[in-house]
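Okay, structure first, notes after.
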Amino acid sequence: MPKTKMRPAAIFSDHMVVQREKDIDVFGAGVNDRTVTVEMDGNEVSTPVEAGFWRVSLPSVPIGGPYTMTITDGTDTVCFHDILAGEVWLAGGQSNMELELRNCLNGEEEVAQSGNDCIRFFNVPKFAWEGEQLYEAEDVSSWQVCGAKTSATMSAVAYFCARKLQEALNVPVGIIDCYWGGTSISCWMDEEQLARTKAGQRYLDDYAALVGDKTEEQYDAEMEAYFRDWNAWNARVQAMRAKDPDVTWETLNAECGVCPWPQPAGRKSPFRPSGLYHTMIARVKPYTVRGFLYYQGEEDETRCTDYGEMLGYLIGQWRGDWEDAELPFVFVQLPRFVSKADYDKGEDTRHWCILRENQWRVSRTIKNTALAVTIDCGEFDNIHPLDKQTVGKRLALQALKTVYGRSVAADGPAFHIVRPESGGMRIWFVEADGLHFQGGKGVGFEVAGADGVYHSAEAVIKGKTVFVRSGDVPVPCYVRYAWFSWGEVSLFNAHGLPATPFRSRRCY
């Protein structure tokens, strides 16, 4: 950020939402030895500029507005208008959080009906390298009020979550959109945090090996060639979609070829570890928020066993950056997915199962986290399912229950204990009122004996339990449910919420 004059951080603009019930952090760049004064709602706070930066903390303001904020150093003055006080959430992750409202299920209708002065969003400029292009993008970035002319580029998941929260809480809701498709979890932490563990260090080492001694000029040339291929592929896809809006990915892949991926590795790549942390997360911290919404994990499939540890470190990083060790973190468990190629080959690495299990464990072991289960969602051969309404609603339900203390049904049935019984196994669940099989038949259950080889099991519900057995396993020792990348699920509770996938330890 240029430091030749006083400049608030780019996230401060007209139409912003500030967090209610908390002090409001305001920060930016300035000229050394000058004093910056910030005034809002009759409250005024001053601070000297040190090392080119300044930061003040204003007292909280009542819900609503509109408010005006004035910032001056005696030479330069900036005023922001139409500010509302309500709930602010940062929405992070990769492409399924990134998928825009206009591109989701019934996207055109959703955009047309999105007008709501009390829902606002800020799209953090997407740049992988700090420089003049980033600064220029920040200069023109601003908070947007949701409406037919603005909402199209908002995260669909975040929009539907915000809409539910706004309806339930009856306060303004602001979303900070901060995501990039195809990114690993390592992109959103700094190098020091990654280097704390062997798992994190591997991300750094593996990417450094990919880059090798490649110069920036070589990287730029590779990216130019890559974008030629990608643009040609995308033009073929868009032409087919123009002819048939309902064309499937199976057809697109067959007729247009598979999307060119991955991009070349390089020191300016958005996919390098820690890169987007510096160019996106670090440029909006510590704007005062209620918490974080997060949807990510697909890119870390091959590192699934490390994902729980990495997610814990990311939560710690962001909470530390925002100086609140208990800041809520509400996130999405991966839905079902399989590529047609793997399905036709009958292959399932079950990496997504392990990712889901690690996500579940984090939600149960790290304080003030909550998990939106989406195992009944997803699309065959489409890693970007269009139904973002369900995902956003379930994130909002988790927030309403765990953050706002509302009495809402947010959780589906969850595995509690299992005991052997009459040649089978009986499984107890929590959040199991109205336990039932959707479609009337239990599917997705498997049991294994001491050899660990699983077989499909019959399942019968009794109260809040499910009894499972298989004629192929006379003495079952293990049970699992929905332990696949793609498959049919059946177990729900009275609120229509799906059971969480699970696998048991050995049961004697």
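Assorted remarks:
- Here the extension length gained between GLU301 and PHE380 equals 26.7 nm, from 0.36 nm per residue of separation less the Cα-Cα distance.
- Kirkwood hydrodynamic radius of the range 415-458, from inverse mean 1/r over distinct Cα pairs, in Å: 12.1
- Inter-probe distance in nm under a simple model that places probes 7 Å from Cα toward Cβ, at LYS198 and LYS367: 3.0
- Equivalent ellipsoid dimensions for the range 186-322 as semi-axes, Å, which come from the Cα gyration tensor, largest first: 32, 21, 15
- When every Cα-Cα distance of the range 414-503 is counted in 5 angstrom steps from zero, the calculated P(r) takes the values 3, 16, 28, 27, 17, 7, 2, 0 percent.
- Take the Cα radius of gyration of the range 451-495 and divide it by 2.2 N^0.38 Å, N being the number of residues; the result is 1.28.
- Pairs of alpha carbons in the chain whose separation is greater than 35 Å (percent): 39
- Sites matching trypsin sites (Lys or Arg not before Pro) across the range 388-451 that sit in DSSP coil, with at most 10 neighbouring C-beta atoms within 10 Å: LYS441
- Cross-link partners for LYS214 among the aspartates and glutamates, with Cα-Cα distance under 18 Å and sequence neighbours closer than 8 places in the same chain left out: ASP205, ASP206, GLU222, GLU224.
- With 10 Å bins beginning at zero, the pair-distance distribution over Cα atoms of the range 1-151 amounts to 10, 34, 35, 17, 4, 0 %.
- For the chain, the antiparallel share of DSSP beta bridges with both residues in that region comes to about 70%.
- Cross-link pairs LYS22/LYS401; LYS164/LYS401; LYS441/LYS464 - those with Cα-Cα distance over 18 Å: LYS22/LYS401
- Using a Förster distance of 41 Å, the FRET efficiency for GLU136-ALA242 (Cβ separation, nearest 0.05): 0.80
- Applying Stokes-Einstein at 37 °C and 0.692 mPa s to the Kirkwood radius of the range 351-508, computed over alpha-carbon pairs, gives a translational diffusion coefficient of 201 µm² s⁻¹.
- Cleavage-rule hits (GluC sites (Glu not before Pro)) in the range 305-367: DSSP loop, at most 16 neighbouring Cβ within 10 angstrom: GLU323, GLU326, GLU347
No lab work stands behind these numbers, since they all come straight from the coordinates. Nothing here was measured: the structure is a model prediction, and the numbers come from that model. Every residue, glycine as well, gets a Cβ built from its backbone with ideal geometry; the counts of neighbours run over all protein chains shown.
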